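Structure record follows, encoded as structure tokens.
The values are calculated or read from the model by the stated rules, or taken from the named source; none is laboratory data. For clarity, every value in this text was computed on a predicted model and none was experimentally measured. With ideal geometry, Cβ positions are generated from the backbone for all residues, glycine too; neighbour counts draw on all protein chains shown.
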Amino acid sequence: MDKVIVVGGPGPAVSIGNAIVQARRTHGNNVAFAGILNDDMAGKEINGFSVLGGLSDAPAFEREGYKFIFTIYKIGGQPQRIRLFDNLGVAENSLYTFVHPMAYVAPDAELAPGVVVMPHANISHGTKIGLGSLIMSNAYIGHDTQVGKHCFIAATSCTGSYVSVEDGVWIGFNATIRGRQKIGRYAAVGIGSVVVSDIPEEELWIGNPARYHKKVTDPIRY
Ligand SMILES: CC(C)(COP(=O)(O)OP(=O)(O)OC[C@H]1O[C@@H](n2cnc3c(N)ncnc32)[C@H](O)[C@@H]1OP(=O)(O)O)[C@@H](O)C(=O)NCCC(=O)NCCS
């Protein structure tokens with residue numbers, strides 16, 4: 001039985017924790033959700049789940065055989081978020097790759113360590129998802145698409161085929177990316193936006209058709 005700790009807070013950590021619990025209860029997956037690591041809530045609970053410690057406790061849990069999923073996410077500040085991940089100090093083979101049993105992953109798709117694929121998500125043939133990327137519920141990813149490391153692909157978004165999504169990209173709810181586009185490193189796409197051209201690095205684009213809105217490092221309202 002794999003014992004999994006999710007690093008994060010209210011939001012994706014709790015959603016993913018619940019999906020792991022449900023996968024075991026309803027589908028018999030051989031995985032147990034052990035709890036959360038969160039620097040601000042150590043010793044408390046988040047949505048009924050125990051916070052086992054802070055991020056610096058990860059190596060001690062790793063020595064006890066726990067596996068990890070990293071869910072801290074942001075639109076701006078992706079380098080800081082990725083630094084938190086790097087500072088966890090756990091080996092790649094201690095990252096847990098979780099595919100919910102109600103998701104579809106094509107047999108030849110490749111998922112790196114720490115990837116999460118939530119219920120009803122679709123990963124089409126020839127597609128590769130990089131280390132620690134989160135593919136949330138109902139997100140669709142077309143064929144022969146490359147998703148980099150540490151990306152957040154929100155629920156119900158649709159990413160076409162032959163798309164190149166670079167490291168640390170953030171795609172909002174219900175956004176659509178036309179095939180063959182390139183979404184630059186740390187770029188972000190707002191809710192419901194329709195992307196029909198390439199997005200340069202570190203830019204937040206919104207609207208239909210999506211246009212430059214601001215740098216991801218500028219203040220935003222979540
Ligand atoms: C784009 C976003 C980050 C907000 O950025 P912001 O700079 O704080 O934007 P504001 O809310 O101040 O809005 C600025 C303008 O952009 C518009 N706008 C904001 N988001 C938009 C979107 N996704 N599409 C089109 N227009 C948008 C606003 O209506 C406003 O227009 P106005 O100036 O004519 O009034 C946010 O709207 C968004 O899309 N968040 C993603 C949420 C999400 O997917 N969460 C998933 C978490 S699990």
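Overview of results
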item: Matching residues in region 32-47 - criterion: being under 19 Å from the mean Cα position of the chain (by Cα), over 14 Å from Asn18 (Cα atoms) and among the aliphatic types (A, V, I, L, M); result: Leu37
item: Number of the exception - Asn208 against (1) within 8 Å of the ligand (Cβ to nearest atom); (2) outside any loop (DSSP other than H, G, I, E, B); result: (2)
item: Residue count, region 16-49 (criterion: surrounded by fewer than 21 Cβ atoms within 10 Å (Cβ to Cβ), out of contact with any Pro (no Cβ under 7 Å at 6 or more places or on another chain) and polar (S, T, N, Q)); result: 4
item: Failed condition for Lys214, given (1) within 21 Å of Thr127 (Cβ to Cβ); (2) of a type outside the set (Asp, Glu); (3) within 8 Å of the ligand (Cβ to nearest atom); result: (1)
item: Subset of region 127-155 (residues that are surrounded by fewer than 19 Cβ atoms within 10 Å (Cβ to Cβ) and within 14 Å of the ligand (Cβ to nearest atom)); result: Ser137, Asn138, Ala155
item: Residue ID - surrounded by the fewest Cβ atoms within 10 Å (Cβ to Cβ), chosen from residues in region 165-183 that are within 15 Å of the ligand (Cβ to nearest atom) and polar (S, T, N, Q); result: Asn174
item: Residues that are hydroxyl-bearing (Ser, Thr, Tyr) and either away from the ligand (no atom under 16 Å from the Cβ) or more than 17 Å from the chain's Cα centre (by Cα) (or both), drawn from region 55-100; result: Ser56, Tyr66, Ser94, Tyr96, Thr97
item: Every residue from region 102-126 that is surrounded by fewer than 19 Cβ atoms within 10 Å (Cβ to Cβ) and under 16 Å from Ser15 (Cβ atoms); result: Met102, Pro119, His120
item: Residue identified as within 23 Å of Pro12 (Cα to Cα), at pLDDT 95 or above, away from the ligand (no atom under 12 Å from the Cβ) and assigned to a loop (DSSP other than H, G, I, E, B) among Tyr162, Tyr186; result: Tyr186
item: Positions within region 124-178 being over 19 Å from Ile191 (Cα atoms) and touching a His at 6+ places or on another chain (Cβ under 9 Å), in sequence order; result: Ser124, His125, Gly126, Thr127, Gly130, Leu131, Gly132, His143, Asp144, Ser161, Tyr162, Asp167
